[in-house]
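*Asks:* Below is a structure I'd like to ask you about.
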C-alpha cells in the first residue's frame, strides 16, 4: 500500500524505559501513524506545523489555512489517559503539515492543489486511517469507533459532534430522524442498525446514552446531546467533512461508525491542565459509549510499563527546528538534569546535561527527521519522553 512511502516501525528499548508502541511515518515524516491496540481510531488533520518550502501554499478552491491549535497536544493527552485506563493505546493518525500546505479534510484536488508531495501525504493519511480501522475491526469483530478531531473558533464554547446531519436536520422530530432516509445520511448508520439496546438514531444522537450526553456530564457541553439537542441554524455548526463522509458507515462498504468532533478553545485546548481534564473525560465517555452500544470483549494488552515514565508530556521549543543545535524546555515543575535523543531507528544520536535555564545544547545539529527526546532526573530516576522534529 505504501510503495512510495518511507516506513519506520519503532519499538524503543533503552535503560529504564520501554516504549512498546510502534509508529509509521510517511514520506518526509509528513504523516504519522501511531499503531493502537484499542477499537478506537482517532485522526488529527489540522494541527500540523511543518512548512516545507517545496510545497507551495494552497491557492485552489478558496482554501482555509487556520490551524486547529493544540489538537495534537490534546491527542497525546487522550492517548495517555486511555493508556492509564486500559493499558492499551488508541490508533492515532496525524498530519504534521501545516494546513496551508495540505488539507486532508478535503478531496485530494482541493486539499493538495496538484502538488505531488502533498498528494502523496494526502494518500498516506487516508491509507493509514483505512489500515487502522481494518486492524481494529479484525481484532474487535467490527466494533470500532472512529473520531475525526478538530478545533473550532465559533463563539459558543461547546463541543460540536458531527454525524453528517445538518443543523436544521437535527431539529427534526424523533419520528422523522428515525426514518431510513436520515439513518442512511448519518455517520453511525451501522450502529443504528446493530446496537445492543436497539437504540434509534434519535436516541444515539440526543438520548441519555448518546456520546454528547455522556460527555456533557463531565462539564463539557456538547451538541447534539440530551442537554443540547440541536445547535441552532445560525451557529455555524460543523456537521462533518470529507474524512467523516469517507471513513464511516455513511460511505458504501465502510463498516466503522464514527463522527467528527470539534473542540472549542476555552476550557479544553487552551492550557495543559484543561487538555488533561478533557482527555480524562473523553476517556471515560468513550469507554462507557463502547461498552453500552458495542458489547465489546476487551482484549488485554499486557503493556510493558516502566516506573515513572510519561509519554509526550513535556514541551520543547523551537519544535520543529531548522538546522539548530539547541532546544529549550517550557516552564515545568519537573526537574531534569540530563537528556538523550533517540532516532526513529532506535539509535542514540546525542546526549548531554540540561542547563539551569532549561537549555539543551546538542553536540551536533540534528538531521531532518523525527526524534524522541528523553529527559532524565538522575536523583529520582524519573524519565519523561517527548517528540522532536528537525527540518
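One line per residue, one yes/no per condition, for (1) assigned by TED's automatic domain parsing to the domain that holds residue 108; (2) farther than 17 Å from residue 293 by Cβ; (3) buried (at least 18 other Cβ atoms within 10 Å of the Cβ); (4) out of contact with any helix residue (DSSP H, G or I) (no Cβ under 7 Å at 6 or more places or on another chain):
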{"position": "155", "(1), (2), (3), (4)": "yes, yes, no, yes"}
{"position": "214", "(1), (2), (3), (4)": "yes, no, yes, no"}
{"position": "225", "(1), (2), (3), (4)": "yes, no, yes, no"}
{"position": "240", "(1), (2), (3), (4)": "yes, yes, yes, yes"}
{"position": "249", "(1), (2), (3), (4)": "yes, no, yes, no"}
{"position": "262", "(1), (2), (3), (4)": "yes, yes, yes, yes"}
{"position": "265", "(1), (2), (3), (4)": "yes, yes, no, yes"}
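*Asks:* Step by step: first the residues of the stretch 110-147, then only those that are within 15 Å of residue 58 (Cα to Cα) and in contact with a strand residue (DSSP E or B) (Cβ under 8 Å, 6 or more places away or on another chain), then the one that is surrounded by the fewest Cβ atoms within 10 Å (Cβ to Cβ). Which residue is that?
*Replies:* 118
*Asks:* Right, next: With the checklist (1) free of Cβ contacts under 8 Å to residues at least 40 places away in the same chain; (2) assigned to a helix (DSSP H, G or I) in hand, flag the one item residue 234 doesn't pass.
*Replies:* Of the numbered conditions (1) free of Cβ contacts under 8 Å to residues at least 40 places away in the same chain; (2) assigned to a helix (DSSP H, G or I), the odd one out for residue 234 is (2).
The values are calculated or read from the model by the stated rules, or taken from the named source; none is laboratory data. All values reported here derive from a predicted model rather than from experimental measurement. Virtual Cβ from ideal backbone geometry, glycine too; neighbours counted across all protein chains shown.
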